[in-house]
């Protein structure tokens, strides 16, 4: 259904003409009653009343950010988008539709991500009607249509990506639901816009409002994330400790203190234990030997 403008004129001017027609018809009836021989006055009065009825049936008030769909005996005549008081085609049905920006918040949906993990998602959809004719005639109820299609698009898009990346073998550029919410929201917007073009609706923004693991695996996934965080932290500590030990040995060598392999191994062992340990190390001081 192609949206188009329809004929309309200033309503206040039409109201003035209708009032004048009403007064003219009343005056002609009174004049004809005084002189019954002038029967043509009654026909003229009837014509004035017909003009009054036709004009009155044509009035329509369009509020700001609102449109009026004009249909004449089942035929779409056009749309009035200009706000104000107007006279449209007479004896037509005038259907009002809002063009304001609106929000739709989806219910919390339970879906499986790409890895098969059950997750809970919810989103807010910001939309407005840009083609009133399509919104009225091409779908049964465009608001319900937006709701159903939004939930369908949510389920489709969010099952294409994993919730998070746990394997170091995966590419750092891979998209995840938790790490790339903007990219996933943009893809949701594009897919949803393709679904809602038929309803004359424009999607202005999509934003995720809820993203979490389902309750049955939430504790297990939390422990998994904590374990990975501990492993990553330990790895950084070990890398730093190796560098510190290597630096200590190099400084001793520059100072002219040569150590044999056995003493180097003992020194490396002691330094690694002291640095890597999560508790404060208790040193044992060697004061020498009796022999």
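Worth a mention:
- Mean Cβ count within 10 Å, highest first, over the residues of peptides 143-152, 197-206: 197-206, 143-152
- Gyration tensor verdict on segment 9-96 (Cα atoms; rounded if a/c is under 1.5, prolate if a/b is larger than b/c, oblate otherwise): prolate
- Cα gyration tensor, segment 102-213 - rounded (a/c under 1.5), prolate or oblate: prolate
- Ranked list, fewest to most other Cβ atoms within 10 Å of each Cβ, for 73, 137: 73, 137
- Taking the number of Cβ atoms within 10 Å of each Cβ as an exposure proxy, the fewest-first ranking of 210, 8 is 210, 8.
- When only Cα pairs below 8 angstrom with a gap of at least 6 residues are kept, segment 1-115 shows a relative contact order of 29 percent.
- Nearest-0.05 FRET efficiency for residue 65 and residue 186, computed from C-beta distance (R0 30 Å): 0.65
- Of 263, 195, the sequence from fewest to most neighbouring Cβ atoms within 10 angstrom is 263, 195.
Laboratory data are not the source of any read-out in this text; all were calculated from the coordinates shown. The shown structure was predicted, so the numbers you read here are calculated from the model rather than taken from an experiment. Neighbour counts are summed over all protein chains in view; Cβ atoms, including those assigned to glycine, are modelled from backbone coordinates with ideal geometry.
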